[in-house]
1. I'd like the Karplus ³J(HN,Hα) series for segment 98-107: coefficients 6.51, -1.76, 1.60, θ = phi - 60°, whole numbers in Hz, and an x wherever there's a Gly or Pro.
2. Tell me which aspartates and glutamates have Cα within less than 15 Å of K677's Cα, excluding those fewer than 8 residues away on the same chain?
3. Where does each of 291-304, 469-482 land if you order them by average Cβ count within 10 Å, highest first?
4. Taking just the alpha carbons, could you work out the radius of gyration and Dmax for the chain, both in angstroms?
5. Return the long-range amide H neighbours of F128 (sequence gap of 5 or more, or a different chain), with a cut-off of under 5 Å between placed amide H atoms.
6. As a check on your grasp of the helix formula, calculate [θ] at 222 nm for the chain: sum -39500 (n - 2.57) over DSSP H runs of n ≥ 4, divide by the residue count, round to the nearest 500.
7. Plugging the Kirkwood radius over Cα pairs into Stokes-Einstein for segment 8-125, at a temperature of 4 °C and a viscosity of 1.567 mPa s, what D comes out in µm²/s?
8. How much accessible surface area, in Å² rounded to 10, belongs to the heavy atoms of D616 with a 1.4 Å probe?
Amino acid sequence: MNANILQTPIDYLKGVGPNRADLLRKELGIHTYQDLLNLFPNRYLDKTRFYKINELQRNSAEVQVVGKITHIRSVEQKRGKRLVANFIDDTGKMELVWFRGQKWIRENLKINTPYVIFGKTNWFNGLFSMPHPEMEPVEEYKKQLRTAMQPIYSSTEKLAKSGITNRVINKLMQQLFIETKGKFYDTLSEEITTELKLIPKAEAVFNIHFPQSQELLAKAQFRLKFEELFYIQLQLLIKNMLQKQKIKGFVFEEIGQNFSEFYKNHLPFELTGAQKRVIKEIRADLGSGAQMNRLLQGDVGSGKTIVALMSMFIALDNGFQACLMAPTEILAIQHYNDLVELCENLDTNIYLLTGSSKTKARREIHEKLENGEIDILIGTHALLEDKVKFKNLGLAVIDEQHRFGVAQRAKLWRKNQVPPHILVMTATPIPRTLAMSLYGDLDISVIDELPPGRKPIKTVHRYDSNRLKVFAFIKDEIKKGRQVYIVYPLIQESEKMDYKDLMDGYESIAREFPDQQISIVHGQMKSDAKDYEMDRFVRGETQIMVATTVIEVGVNVPNASVMIIESAERFGLSQLHQLRGRVGRGAEQSFCILMTGHKLSNDSKIRLETMTATNDGFEIAEVDLKLRGPGDIMGTQQSGVLNLKIADIVKDNQILKSARYHAMKILKEDPNLSMEKNKVLRFTYSQVAKHKNIWNYIS
Ligand code: ADP
Ligand code: MG
């Protein structure tokens with residue numbers, strides 16, 4: 001490619017004056033020829049067919065008609081005026097209507113001149129009308145570079161108002177192709193293009209804008225999607241490789257006292273096969289000499305904590321410290337209590353540091369951390385503060401990754417001269433396809449097996465009108481000695497209303513269960529009050545916990561076997577699944593009851609059905625991804641998958657897999673892309689890496 005010409009400022013393109021250039025820059029972010037080229041159409045219209053007016057159907061899609069205007073008039077309406085034109089062909093009559101830009105249209109449209117019009121029709125008062133049609137005199141229409149499929153570009157209102165319509169963009173695109181003809185070079189190696197039967201780059205780019213046939217359009221899309229995903233995968237894989245080569249990690253060779261003693265004498269249960277496998281994977285990483293960056297995925301209750309602890313023991317055995325960071329104070333405290341209990345008969349020094357640690361305690365911790373008296377530090381974000389200095393941090397475990405950003409991960413890296421090993425644990429299963437794109441730079445371990453003896457949680461959906469039956473059920477369970485969660489939504493926008501719902505709910509439950517002790521926990525409580533209430537529930541002093549989603553993450557009370565979720569339609573799937581995961585932790589049969597009103601959207605119905613149908617977090621995650629798209633899934637914001645210009649992470653799943661497969665295959669054979677046949681890849685990759693955004697370069 002001749003980089004120069006594609007880097008030409010958009011102002012230089014024939015047909016783009018200073019005004020248009022400004023608009024293109026401001027509204028569409030188009031600064032250069034290349035940017036324009038990368039403005040891919042949103043969709044295509046099939047303009048192969050012309051309709052007669054008497055063939056038009058109500059509710060039809062966009063149609064193309066040839067005819068002429070016989071008369072134009074202004075019609076007063078409630079607010080302002082609309083412009084209406086009579087439009088006829090040899091079979092009938094219809095109307096064209098404009099609400100905006102009337103003056104320009106009046107001055108420019110010609111009466112009794114044949115036009116090709118295109119747009120959606122409405123049926124009103126026995127007549128078809130077409131608001132804001134695209135129009136072109138038949139004479140002009142014949143001169144244009146014609147394609148069967150008409151590209152439609154995303155446009156903004158402002159652009160359309162200022163005369164940069166789809167047609168204008170189309171014309172600019174034609175001009176662009178004229179000026180850049182023969183200046184494209186291919187961006188994928190011959191090996192790949194041959195193997196995947198991809199069309200050449202120039203042909204793909206041309207057909208994406210001017211499809212010569214359905215078939216060529218499909219090929220163009222495939223090629224560009226593949227390319228986009230391929231370079232993302234290549235980047236992720238290379239980053240991962242470099243991390244392993246360059247970022248030296250501490251070598252933990254010893255499996256020593258702590259690990260062995262715990263494993264032999266204090267392990268409270270037999271590890272599951274999956275836990276053993278993951279610990280092995282982590283051990284291998286820790287001994288490899290490279291810094292570990294591993295993501296541990298495991299559904300709620302799959303037993304990640306013990307894996308974290310045993311990994312930390314490996315660090316301690318090699319003379320290092322470890323830390324564990326949790327997203328909330330409640331969770332940090334819970335981890336602390338769990339680990340202290342697990343280490344009861346060992347002389348491991350475990351400390352807790354959170355935002356509410358008192359100054360004195362803090363000072364003590366800072367000191368002991370620096371002189372190495374603390375082995376394991378557990379806490380919240382407070383761990384990230386600069387004042388928190390370790391003598392020798394060897395392993396940092398982050399629980400519930402999606403709550404923390406990349407920046408925070410990076411902060412942990414700097415807690416030692418050589419970056420400590422990082423283990424990120426998440427209970428939100430991420431669909432494999434997404435994980436590949438989000439965390440391509442992390443290695444992934446999966447705990448795909450629950451500890452034995454767990455009965456699957458029975459999940460049902462009940463309408464609010466059946467509340468009394470639900471209350472009766474709760475009473476029975478409490479009689480059997482179980483504990484119950486009742487969760488209310490709490491979302492930012494209607495905090496007050498939610499708070500009221502929660503309080504109303506609490507009161508009605510207090511009335512319904514006069515003999516029971518009830519805890520209440522919500523986000524607006526002071527943290528000591530929260531802890532106090534949580535504690536009472538954990539110790540079994542209260543039977544019912546009324547709460548907002550603050551209990552979502554990680555809380556572990558094995559005796560709690562009923563989870564009632566109020567207004568369940570207001571929760572997302574992954575959140576519902578997380579909440580459900582609070583029960584089913586003991587040996588008893590557990591239940592999850594999703595309460596809703598009768599009015600439910602389609603998506604809500606799918607969510608509820610999914611929840612009642614399966615306990616499998618990965619299955620749920622796939623549905624979630626399909627419902628919400630990647631944009632709303634935590635973590636995607638930072639990952640770049642949202643910046644995809646043409647591929648769709650959900651729909652183009654197969655292409656993504658293929659792109660990853662090929663990227664891996666190539667790197668395996670030629671890690672530095674130094675072979676002659678991969679020259680194109682190396683060059684393009686270097687440009688991609690330099691420009692950060694692949695589409696700044698690869699077209
Ligand atoms: P999560 O993966 O959600 O963090 P936890 O580590 O909190 O799960 O474990 C959930 C519960 O399962 C805890 O009570 C823990 O003690 C128990 N557990 C973990 N592993 C096993 C096992 N292999 N066998 C029996 N119980 C286990
Ligand atoms: Mg956990």
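The values are calculated or read from the model by the stated rules, or taken from the named source; none is laboratory data. Computed from a predicted structure; not experimentally measured. Glycine gets a Cβ as well: all are built from the backbone with ideal geometry, and neighbour counts include every protein chain shown. When the accessible area is computed, the model is the full protein with side chains, heavy atoms only, and any ligands, DNA or RNA have been set aside. Shrake-Rupley method; radii C 1.70, N 1.55, O 1.52, S 1.80 Å.
1. 10, 10, 10, x, 5, 5, 4, 5, 4, 6
2. Straight-distance partners of K677: D186, E190, E191, E195, E669.
3. Values: 291-304: 23.2, 469-482: 14.8.
Sorting 291-304, 469-482 by mean packing, highest first, produces 291-304, 469-482.
4. 31.4, 96
5. E95
6. Working: 26 runs with 285 residues, N = 699.
Counting only the DSSP helices, I get -12500 deg cm²/dmol.
7. Numbers: Rh = 17.2 Å.
So the translational diffusion coefficient is about 75 µm²/s.
8. Its heavy atoms expose roughly 70 Å² to the probe.
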